[in-house]
1. Mean residue ellipticity at 222 nm from the helices of the chain, using -39,500 (n - 2.57) per DSSP H segment of n ≥ 4 over the full residue count, to the nearest 500 deg cm²/dmol?
2. How many angstrom separate the Cα center of segment 92-136 from the Cα center of segment 241-310?
3. Got a sec? Charge dipole of segment 100-218, +1 on Cβ for Lys and Arg, -1 for Asp and Glu; which of SER117, TYR159, TRP133 is way out at the positive end?
4. Rounded to whole Å and sorted largest first, what semi-axes of the equivalent ellipsoid does the C-alpha gyration tensor of segment 168-307 yield via the square root of 5 times each eigenvalue?
5. Placing unit charges on C-beta atoms (Lys and Arg positive, Asp and Glu negative, everything else neutral), compute the dipole magnitude of segment 139-296 about its Cα centre in debye, rounded to 20.
6. How many percent of the accessible area of segment 161-289 is carbon or sulfur, using a 1.4 Å probe?
7. Over segment 21-104, what is the relative contact order in whole percent, taking alpha-carbon pairs under 8 Å and six or more residues apart?
8. Would segment 232-289 count as rounded, prolate or oblate if I go by the C-alpha gyration tensor, calling it rounded below 1.5 in a/c and otherwise prolate when a/b exceeds b/c, oblate otherwise?
Amino acid sequence: MKKRTIVAGGAGFLGSHLCEKLLLMDHEVICLDNLMTSNEVNVAHLITQKGFRFVRHDVMLPFYEKADWIFNLASPASPFYYQTKPILTTKTNILGSINLLDLAVRTGARIFQASTSEVYGSPMIHPQVESYWGNVNPVGPRSCYDEGKRCAESLFFDYLREHNVDIRIGRIFNTFGPRMLADDGRVVSNFIVRALAGKDITIYGSGKQTRSFCYVSDMVDAILAYMSVETRLPGPVNLGNPEEIMINDLANLILKFTHSDSRIVYTVPQQDDPIQRQPDITLATSAFNWKPVVNTKEGLKLTIDYFRGR
Ligand code: NAD
Ligand code: UDP
């Protein structure tokens with residue numbers, strides 16, 4: 001029997017790649033999105049495909065449809081967006097989770113939550129393991145996102161405990177690739193777009209802060225491998241590429257690969273910007289045999305090709 005799958009946030013960067021892969025796996029895909037931080041162009045090539053349906057819908061409102069699998073990716077993800085619309089971000093994460101979890105209760109669907117490495121805040125334990133409770137400022141400019149995602153995780157576990165919902169919580173670490181918005185403020189797209197245009201690259205703070213970047217095809221494989229495990233596996237499970245890099249080094253790599261003569265300029269650090277981030281993916285590897293296969297340099301070259309072609 002064909003699976004019917006709902007992807008909330010399906011027109012976004014990650015969601016559009018996920019919808020594409022689900023169609024290849026012969027799922028019937030319902031893509032829900034209010035296009036707050038994306039546009040239809042991401043899924044325009046899927047509209048004519050059999051089995052794909054786009055529904056313009058805000059997850060803050062309930063949705064009624066049968067489903068076997070549900071993915072909740074609906075949330076602003078770029079610090080620039082969520083800090084511009086903090087109340088909407090919290091509401092989306094909490095009301096969106098409740099509405100999709102209620103849908104899972106009604107339909108018996110398995111449901112995936114796109115959680116985040118931000119639940120660890122500025123981590124005191126490195127690399128981050130799932131058992132670490134994190135170091136999050138509850139009243140800072142990033143709190144709408146961090147606490148919104150933390151509350152969503154808590155709701156997912158409450159629906160497991162009260163309603164026995166088959167939940168999956170994936171803590172996604174920085175992911176990049178084609179279809180990121182050129183102007184959404186995230187570091188990889190920002191640096192590439194500015195380097196290609198010959199404009200200054202701006203580093204917030206010293207540039208010594210680290211991130212670990214996962215290429216989008218690896219992340220989609222991780223999410224699907226996790227969701228395909230037939231036994232209960234609520235998680236949370238870290239999903240990301242452990243290859244850690246300093247933001248200074250990322251900037252220099254991008255300048256090298258784009259053959260750009262843009263200058264690197266330094267500005268004030270962003271408040272509560274995590275100073276280090278690297279996933280421990282032991283659990284993902286042992287539970288569903290997943291590890292990333294695209295290294296950061298290869299992924300950057302593919303992403304630069306994408307932005308160059310635009
Ligand atoms: P994105 O902004 O490209 O995609 C998010 C999508 O959700 C967009 O299409 C947006 O329009 C939609 N959306 C937002 N609010 C909505 C609402 N109220 N109703 C319906 N749709 C709504 O971001 P992304 O990078 O593709 O991230 C997807 C998910 O993964 C997000 O939940 C994000 O928090 C999570 N995540 C992403 C990363 C990453 O590095 N890309 C890291 C950690 C977690
Ligand atoms: N960053 C930067 N310049 C930019 C965009 C981001 O120096 O133009 C830094 C940012 O301060 C953070 C890191 O790059 O330390 C990653 O930022 P991003 O917004 O991509 O994601 P985050 O991991 O902070 O959610």
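The values are calculated or read from the model by the stated rules, or taken from the named source; none is laboratory data. Everything numeric in this text was worked out from a predicted model, so none of it was measured. A quick note on method: Cβ atoms are made from the backbone with ideal geometry, for glycine too, and the neighbour counts reach across all protein chains shown. Ligands, DNA and RNA are stripped out before the accessible areas are found, and what is left, the full protein with its side chains, is counted by its heavy atoms. Shrake-Rupley method; radii C 1.70, N 1.55, O 1.52, S 1.80 Å.
1. After summing the helix terms and dividing by the residues of the chain, the value is -12000 deg cm²/dmol.
2. Each part's Cα centre sits 23 Å from the other's.
3. Projecting each Cα onto the dipole axis, the largest value belongs to SER117.
4. Largest first, segment 168-307 gives 30, 16, 12 Å.
5. 280
6. 50
7. 31
8. oblate
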